[in-house]
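The values are calculated or read from the model by the stated rules, or taken from the named source; none is laboratory data. As the structure is a prediction and not an experimental result, all values here were calculated from the model. Cβ coordinates were reconstructed from backbone atoms using ideal geometry, including for glycine residues, and neighbour counts include every protein chain displayed.
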Amino acid sequence: MESKAVKPTEEKLKPKLISVMKNYSKEQFIKDVVAGIIVAIIALPLSIALALASGVGPEQGLYTAIVAGFLVSLLGGSRVQIAGPTAAFATIVAGIVASEGMDGLIISTIIAGILMIIMGLCRFGALIKYIPGTITSGFTFGIAVTILIGQIKDFFGLKFKNSPVETVDKIKEIGLRIDTINGWAFLVGCVSLAILILWPKKLEKIPASLIAVLVCSALVKLTDMNVNTIGDLYSISSAPPKFTAPEVSFAKVKALMPNAVTIAVLAAVESLLSCVVSDGMIGSKHRSNMELIAQGTANIGSAFFGGIPATGAIARTAANVKNGGRTPIAGIVHSIVVLLILVSLMPYAKNIPMPTIAAILFVVAYNMCGWKNIRNTIKTAPKSDVLVMFVTLIFTVVFDLVVAIGVGLVLASLLFMKRMADVTEAHNWIDITDDEDTDPDNISLKKIPDNTKVYEINGPMFFAASDKFSYVLDDKKFDILCIRMRNVPAIDATGVEELKNIVKRCEKRGIKVIFSHVNEQPMKAMAKAGFVDHVGKENFCDHIDTALLRAEKLEKEIAAKRSK
């Protein structure tokens, strides 16, 4: 029995690469290589663009695709996951780099990686689904807005006097410097945007972003337009990733912990969401806990080799599937091809116009914003869900992702508790007069002893609903109180305390208390608190009929005492 219980756990923490290699074929290897090359071509301009949006050098985006992409494919729990830099991290990475420097980013990413490994080892993969979709939609749309606003400067060729980090400050600076628009930059940006929108309608196999980069780089180079390129603003390096270790101190770790937690949660959510999407495309099932361990390892590796935070990239993963990739070999090939491009072709990246990078990020922002989800939520969801979504969205744009997720989770939790409290009630059975009730235990079918009151509690008994039970003792004209709890699925310490208060008040008035049909979790909580022993095990009945018989017996005992 013990060996059977352990075996599934071991399988869940086994990389998919090991599983798929058992039946691997030459034909699938060729498909994986082709898919890996195509995904690498797609990842090249995206990785550079996302690195620049994150406030780091262009090659650091490629380092991330190489190191993190390789480790996730090697160790991950998905057959087709492609990992690398994503737009979700752009704003938070830019903020960390601006305030804490690269050392701060490296430390935050390493801590985040450790947290994800712990999450995987503790089997937290399934718990990620408990983060409300409204929060995910809110911060995703908010990130899209911040990316779009952050690229307006380069798209229009504006000349800023300051270098604002916060989105609100960027909006202010754009308004102040709108008169510095560079017509040539705007033209290149529009041409890039047109290619990105129209090209996929004709030739989807060749990435539109690559065509935009090639065409617009040639256009600027040949015409000598007055347009900033990557080489004008950044130094380009074609050196492969090198190991770098930051200076670590307890004070730094403590200060960077909130950012690390945000990176870990965001990476976990996005990577597992990408796994779910890819599962539907190939009819497979990923191993969520193994994926978390792989993502944590990948982020640690990326940080130590000069990269930025990474996670599963839904668009690149989908491209992998569409082009025939079915095993982690495709992701490994993708990383190797990106490394070869970095070493051999990176110097040419200096000719990529900044408006083209901005246009690529405009499209990324549009694709990730999920405006259809926002629209559907507004139309169909309760007002409280819409409130959570917009609060998270606004806080993401105005403040940062750390604050947005924290406020969103707190608000969603409070609203959830309110809903649970709203459906919790305690009522006197005599108040139920529905003649059409088909419940075989309906009050009309039962004989309640004289001087006995039967109350039924419906819903979870927890602190937010504690005020629902105070009126149980309003009526003083009874000797026995029977509390039925068949519809109480759970109880917390406050709920137990409230029952204790009711029993104490009953004891002062000489009223006996009987409990009927207490479910497993409430029974364990009440026993642990010593409440069962206090009331008496004989006063906990498994059914209402048994409880009423117990009440009848107690009533006779009370009547006998009074007659004496």
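With in a helix (DSSP H, G or I) and free of Cβ contacts under 8 Å to residues at least 40 places away in the same chain as the only criterion, which of VAL168, VAL191 stands out?
Working: VAL168 fails: free of Cβ contacts under 8 Å to residues at least 40 places away in the same chain.
Of the residues listed, the single one that is in a helix (DSSP H, G or I) and free of Cβ contacts under 8 Å to residues at least 40 places away in the same chain is VAL191.
Of all residues in segment 530-559, which are over 12 Å from PHE515 (Cβ atoms) and of a type in the set (D, E, K, R)?
ASP533, ASP545, GLU552, LYS553, GLU555, LYS556, GLU557, listed by residue number.
Quick one: which residue in ILE502, ILE457, ILE480 is touching a Pro at 6+ places or on another chain (Cβ under 9 Å), of a type in the set (A, V, I, L, M, F, W, C) and at pLDDT 60 or above?
On the way: ILE502 fails: touching a Pro at 6+ places or on another chain (Cβ under 9 Å); ILE457 fails: touching a Pro at 6+ places or on another chain (Cβ under 9 Å).
On inspection, the qualifying residue turns out to be ILE480.
Counting only residues that are small (Gly, Ala, Ser) and closer than 30 Å to LEU219 by Cβ, which one in segment 343-387 is surrounded by the most Cβ atoms within 10 Å (Cβ to Cβ)? Let's see the steps before the verdict.
Here is the first cut: in segment 343-387, the ones small (Gly, Ala, Ser) are 344, 349, 358-359, 365, 370, 381, 384.
In the following step, the residues that additionally are closer than 30 Å to LEU219 by Cβ were identified as 344, 349, 358-359, 365.
Working: SER344: 10, ALA349: 24, ALA358: 27, ALA359: 29, ALA365: 22.
If we take residues in segment 343-387 being small (Gly, Ala, Ser) and closer than 30 Å to LEU219 by Cβ, then ALA359 is surrounded by the most Cβ atoms within 10 Å (Cβ to Cβ).
Would you be able to tell me the number of residues in segment 320-332 that are surrounded by fewer than 24 Cβ atoms within 10 Å (Cβ to Cβ), in contact with a helix residue (DSSP H, G or I) (Cβ under 7 Å, 6 or more places away or on another chain) and part of a helix (DSSP H, G or I)?
Total satisfying the criteria: 3.
Looking at (1) at pLDDT 80 or above; (2) within 43 Å of the chain's Cα centre (by Cα); (3) buried (at least 18 other Cβ atoms within 10 Å of the Cβ), can you tell me which one ALA426 breaks?
(1)
Every residue in segment 528-564 that is at negative phi, within 46 Å of the chain's Cα centre (by Cα) and not aliphatic (A, V, I, L, M), please.
If we filter segment 528-564 for residues that are at negative phi, which is where we start, we get 528-529, 531-535, 537-564.
If we keep only those that are within 46 Å of the chain's Cα centre (by Cα) as well, we get 528-529, 531-535, 537, 539-544.
Within segment 528-564, LYS528, PHE531, ASP533, HIS534, LYS537, ASN539, PHE540, CYS541, ASP542, HIS543 meet the criteria.
Matching residues to (1) at pLDDT 90 or above; (2) assigned to a helix (DSSP H, G or I); (3) under 28 Å from ALA88 (Cβ atoms); (4) of a type in the set (Gly, Ala, Ser):
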| position | (1), (2), (3), (4) |
| --- | --- |
| ALA144 | no, yes, yes, yes |
| ILE147 | no, yes, yes, no |
| GLY150 | no, yes, yes, yes |
| LYS153 | yes, yes, yes, no |
| LEU158 | yes, no, yes, no |
| ASN162 | no, no, yes, no |
| GLU173 | yes, yes, yes, no |
| TRP184 | yes, yes, no, no |
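Go through segment 155-165 residue by residue and tally those that are surrounded by 13 or more Cβ atoms within 10 Å (Cβ to Cβ) and out of contact with any Pro (no Cβ under 6 Å at 6 or more places or on another chain). Don't jump to the end; show me each part of the working.
Let us first name the residues in segment 155-165 that are surrounded by 13 or more Cβ atoms within 10 Å (Cβ to Cβ), namely 155-158, 160, 164-165.
Those still in the list that are out of contact with any Pro (no Cβ under 6 Å at 6 or more places or on another chain) too: 156-158, 160, 164-165.
Result for segment 155-165: 6.
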